[in-house]
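The block underneath contains the structure these notes are about, expressed in structure tokens.
The values are calculated or read from the model by the stated rules, or taken from the named source; none is laboratory data. Being a predicted model, the structure only gives us computed values, none of them experimental. Here the Cβ is made from the backbone with ideal geometry for all residues, glycine too, and neighbour counts use every protein chain on show.
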Amino acid sequence: LYLVTDQASLRGRTLTDVLLAAVQGGVSCVQLREKTLGTHDFVALALAVKDLLAPFDVPLIINDRLDVALACGAQGVHLGQSDMPVALARQRLPPGVFIGLSVENLGDVARAAGQAVDYLGISPVYATPTKTDTATPWGLAGVRQVRAMTGLPLVAIGGIHPGNATELLQAGADGLAVVSAICSAANPQAAAAAFQDILRAHQTP
């Protein structure tokens, strides 16, 4: 259960309060996505979030910014198609830091086969208001196509809520990346727990 942060979705609450509740509810990794923060503030926030997550053994993933990931000692980096090339990022990151890559079409998936990535983010699965610059939604059929093309772990993102989570897992997603369904929830801990219940039910034969 992969939480992607969005400060605009917090409904007036602090990011640390929402993250703490979400992790207590079962979020298993956190991607810090900050498109507008300057480097100084982004690093400071990343360090604070990393400290918050450490007691729960939840890894911190930095979106796009390799410099911030290195500065705060993040466990992972997530790259989009227009970000730093994966090969260059791999050279600059310590060996233990994992790399995720967003894929927006089948060509992206095919090219990822020869790259040093640890998981693919299928983006977006469904249309979502939290990200407006995205490609055509994949839909369930798209998730199945990607699953047939790669053995890499797949994380579905975009418009995911408890009502469509099970069908995405059945279509081949290994993980669910959630933004507003947790960040905007009245009770982020309960929202995360509901997703965790779905994931556990899917894993139980």
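Every residue in the range 34-63 that is modelled with pLDDT under 95 and buried (at least 16 other Cβ atoms within 10 Å of the Cβ), please.
Selection gives 34, 37.
Taking residue 90 as meeting all but one of (1) under 21 Å from residue 17 (Cβ atoms); (2) assigned to a helix (DSSP H, G or I), write down the number of the exception.
Unmet condition: (1).
Return yes or no: is residue 21 within 24 Å of residue 189 (Cβ to Cβ), in contact with a helix residue (DSSP H, G or I) (Cβ under 8 Å, 6 or more places away or on another chain) and either among the acidic types (Asp, Glu) or touching a residue at least 60 places away in the same chain (Cβ under 8 Å) (or both)? Full working, then the answer.
Working: within 24 Å of residue 189 (Cβ to Cβ): yes; in contact with a helix residue (DSSP H, G or I) (Cβ under 8 Å, 6 or more places away or on another chain): yes; either among the acidic types (Asp, Glu) or touching a residue at least 60 places away in the same chain (Cβ under 8 Å) (or both): yes.
Answer is yes for this residue.
Could you list all residues from the range 88-104 that are surrounded by 13 or more Cβ atoms within 10 Å (Cβ to Cβ) and not basic (Lys, Arg)? Can you show your working first?
First pass over the range 88-104, keeping only residues surrounded by 13 or more Cβ atoms within 10 Å (Cβ to Cβ): 89-90, 92-93, 97-104.
Within the range 88-104, 89, 93, 97, 98, 99, 100, 101, 102, 103, 104 meet the criteria.
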